[in-house]
Every structure is written in C-alpha cells, then in structure tokens.
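The values are calculated or read from the model by the stated rules, or taken from the named source; none is laboratory data. Source: prediction; values computed, not measured. All Cβ positions, glycine included, derive from the backbone under ideal geometry; neighbour counts span all protein chains shown. Just the protein is used for accessible areas: all its heavy atoms, side chains included, with ligands, DNA and RNA removed. Shrake-Rupley method; radii C 1.70, N 1.55, O 1.52, S 1.80 Å.
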Amino acid sequence: MTASSNRPAPPLPSDVPVPPEERTGGIVSIDPVLSPDLKALYERRITRLTALEEKAGEDGGNYLAFLRHLVELQTRQLEQAPLSPQDMATMAVWLNSTVMPSAEALAEAPFWQEIFRTFIAELASALPAPQTEALQQTSRDIPELARQAHLLLTGNFSEANQLLAVPLFAVLSLCWAQGASMLLATEEARKARAEPEAVNCPCCGALAVASLVMTGGREGLRYQECSLCETRWHRVRSLCTVCGESGKLNYWSLDEQKAPVEVETCGDCLSYVKLIRLDRDPQQEGVADDLGTFPLDGLIVEKSFTRSTINPFALPL
C-alpha cells in the first residue's frame, strides 16, 4: 500500500473561492443534493458486481453472485411493483421526520414486509435450505422483523441478525430510495435539503457508503453517496468529511499513484473514507467498488483509523 505519499490535499476547483464560471469544466453552479436515478444506478451496480464476481472466481464469487441477484430483485421490484401513492405518503412522513420510524411504526406498515417476503422467496434457490427456512420464519414474525429493521435503520448493525441484515437492508433501501426520489423531484426541494457540512445524509439521516469524485459535467467535485436512500450530497474536497479539518489529510492506495479507488485519512479525528474516483474510471459504482477494495480497508484500520461510512452489502459491522 502506498500513501499518495502523505501529500497534503491540493486546492481543487470545488474548494477555491473563485467565480462559479471559472470552476471545473465550466461548472456554473454546484448542486448541493442529487436525487437518485435508481434504474441507472442499479444497472451500473449489477454490471460492476458481475465484473467483480468474474474476477473473484471461486474465491468470494458466490457471495458476489448473491449480491448481484439481490440488486436484480431491487430492479425488478422497482419496475414491476413500485411503491403505491399510499406507501409513498408513509415514506414522506418518515423522511420528513428527524428520527427513523420506531419498530412499532414499521410493524404497522405492511408494504416493506411484503417486499421482503417476495425477496426471500426469490432468493431461496441461491441459499442453503436451513438459511431460507430461518429467513422465512422471521419474515412471518412481524414484531421481530420490525425490530430488526429498526436496528438497521438506526445504525445498530452489531446487534442485528447477521443472516437477515443484507437482504433486509436491501429492501429498506429500495423503499427509502423511492421516497427520496419523490421528495427530491424538484430543484427547490433539493436545495431545501442542502446541508453544506452534513456527515449523514441530508435526506434520510443515514451514513454514506463512500465519496464519489465525479466526472463529466461535475468533473472533480465530491459527493457523498447515501448507503440507504442513494441520495448524493456535495462535500468540499480537501476537508475531512467528519470533522471538517484539512491539516492532516493523507491519501492511500494499494499500488498506484492514480488509483481508481483511494482512501482519505484524517489525522485529526482518525477517521477515513473511501474515494471512488469516477474521474479516473467512470465505470465504477460506489457500493460495488467499495466492496471490491475491502483489503485496503484492512490495511487502513491497522493504522488506527476508523471507517466513517458503511457498506450495505457488508453488514453487520
């Protein structure tokens, strides 16, 4: 592993006080919040998981195939049975609250429970029979299923049922992402959600999965991507996404100076975040390519840094 060798972060177009028209690639404004395009996002995630699966072969490939199948189920559910207006109204109430819904409120909302049972039925062929039976049993125990959902939504991942966590979070994410897409449908709504120094998602309150360094019309800008509702929000580069300091930032990669994935560590708060460099490889996707570079996380943790983000396909933590 190489540090991009303890270099201080240079000023970048999204950070320097210059007129908007002089910023990266002619950008005239920076969108503070980006609404998720779920169909495009899921398609890219499937493509990247497929590539990682083929690369892994027998060494981890089966789990990656399971994850790909999970995202395919999200895609199919979105296309064939999106949330109803009534369900979206419930999502709007939850997303407009300052706290996640209680286990009791979750138990009284059948729509996400029905999606979970559909997913479990579809995943049965990809899971050992005892695991499928355990999942089906929990899916029928509404209070327990709601309790598990509440644990995941409130970040109590270590207390969650390991067997349940990933598919259940995928179902919750599908629901929260549809709600976020509705709430952020207008520019006015997106600006209303803007929080320039937000650590957690300004739409739903969940942690990010990673930082994306953008390409195309937003070349060089950094957006955090929500692990739950898939919303992206702008964060200034060269500042720690947790404490906001800049004096002790370092950048690490496994084997190359201009790696497509880097880790940004902060010596002030001892946190770190993965940087998915779309400006270096625009085919990457946040969740999949973060997952595909987990060996880098292990090396960074050995240096006493703590991850400030979560990956929904690696739960519980």
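A few remarks follow.
Results for (1) over 25 Å from Glu108 (Cβ atoms); (2) part of a helix (DSSP H, G or I), shown as yes or no for each residue.
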{"site": "Leu123", "(1), (2)": "yes, yes"}
{"site": "Pro130", "(1), (2)": "yes, yes"}
{"site": "Leu135", "(1), (2)": "no, yes"}
{"site": "Pro143", "(1), (2)": "no, yes"}
{"site": "Ala146", "(1), (2)": "no, yes"}
{"site": "His150", "(1), (2)": "no, yes"}
{"site": "Gly155", "(1), (2)": "no, no"}
{"site": "Ser158", "(1), (2)": "yes, yes"}
{"site": "Leu163", "(1), (2)": "no, yes"}
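- Within the range 149-167, the set of residues being over 19 Å from Cys226 (Cβ atoms) and open to solvent by 10 Å² or more (accessible area, probe 1.4 Å) comprises Ser158, Glu159, Asn161, Gln162, Leu163.
- Selection within the range 107-127 - closer than 30 Å to Ala65 by Cβ and of a type in the set (A, V, I, L, M, F, W, C): Phe111, Trp112, Ile115, Phe116, Phe119, Ile120, Ala121, Leu123, Ala124, Ala126, Leu127
- Phe116 falls short on exactly one of the conditions (1) part of a helix (DSSP H, G or I); (2) open to solvent by 80 Å² or more (accessible area, probe 1.4 Å); (3) more than 29 Å from Pro282 (Cβ to Cβ), and that condition is (2).
- Residues of the range 136-145 satisfying the condition of being over 24 Å from the mean Cα position of the chain (by Cα) and among the hydrophobic types (A, V, I, L, M, F, W, C): Ile142
- When the range 235-252 is filtered for residues that are crowded, with 19+ Cβ neighbours inside 10 Å and either in contact with a Lys or Arg (Cβ under 7 Å, 6 or more places away or on another chain) or among the polar types (S, T, N, Q) (or both), the ones remaining, listed by number, are Arg235, Arg237, Thr241, Asn250, Tyr251.
Per-residue answers, yes or no, for (1) more than 15 Å from the chain's Cα centre (by Cα); (2) aromatic (Phe, Trp, Tyr); (3) assigned to a helix (DSSP H, G or I):
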site: Tyr42; (1), (2), (3): no, yes, yes
site: Arg45; (1), (2), (3): no, no, yes
site: Thr50; (1), (2), (3): yes, no, yes
site: Glu54; (1), (2), (3): yes, no, yes
site: Glu58; (1), (2), (3): yes, no, no
site: Asn62; (1), (2), (3): yes, no, yes
site: Leu73; (1), (2), (3): yes, no, yes
site: Leu83; (1), (2), (3): yes, no, no
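- With respect to being open to solvent by 10 Å² or more (accessible area, probe 1.4 Å) and over 21 Å from Leu41 (Cα atoms), Asp255 fits the description.
- When residues of the range 290-313 are limited to those that are modelled with pLDDT of 95 or more and of a type in the set (Gly, Ala, Ser), the one farthest from the chain's Cα centre (by Cα): Ser304
- Each residue in the range 200-226 was checked for being within 18 Å of Leu152 (Cα to Cα), assigned to a loop (DSSP other than H, G, I, E, B) and among the hydrophobic types (A, V, I, L, M, F, W, C), and 5 pass.
- One residue from Ala180, Ala170, Ala206 being under 30 Å from Arg117 (Cβ atoms), in contact with a Gly (Cβ under 8 Å, 6 or more places away or on another chain) and buried (at least 17 other Cβ atoms within 10 Å of the Cβ): Ala206
- Selected residue (criterion: least open to solvent (accessible area, probe 1.4 Å)) from residues of the range 82-98 that are hydrophobic (A, V, I, L, M, F, W, C) and without any contact (Cβ under 8 Å) to a residue 12 or more places away in the chain: Ala89
- Given (1) touching a residue at least 40 places away in the same chain (Cβ under 8 Å); (2) assigned to a helix (DSSP H, G or I); (3) open to solvent by 10 Å² or more (accessible area, probe 1.4 Å), number of the condition Ala288 does not satisfy: (3)
- Checked against the criterion of being farther than 25 Å from Thr90 by Cα and out of contact with any Pro (no Cβ under 6 Å at 6 or more places or on another chain), the candidates Leu174, Leu164, Leu152, Leu239 yield just one match: Leu239.
- If the condition is being open to solvent by less than 40 Å² (accessible area, probe 1.4 Å) and either hydroxyl-bearing (Ser, Thr, Tyr) or out of contact with any Lys or Arg (no Cβ under 9 Å at 6 or more places or on another chain) (or both), then the range 292-309 contributes Thr293, Gly298, Phe305, Ser308, Thr309.
- Contacts under 9 angstrom Cβ, first residue in the range 236-254 being more than 19 Å from Glu195 (Cβ to Cβ), partner open to solvent by 30 Å² or more (accessible area, probe 1.4 Å) and of a type in the set (S, T, N, Q), 6 or more apart: Asn250/Ser5; Asn250/Asn6; Tyr251/Ser5; Tyr251/Asn6; Trp252/Thr2; Ser253/Thr2; Leu254/Thr2
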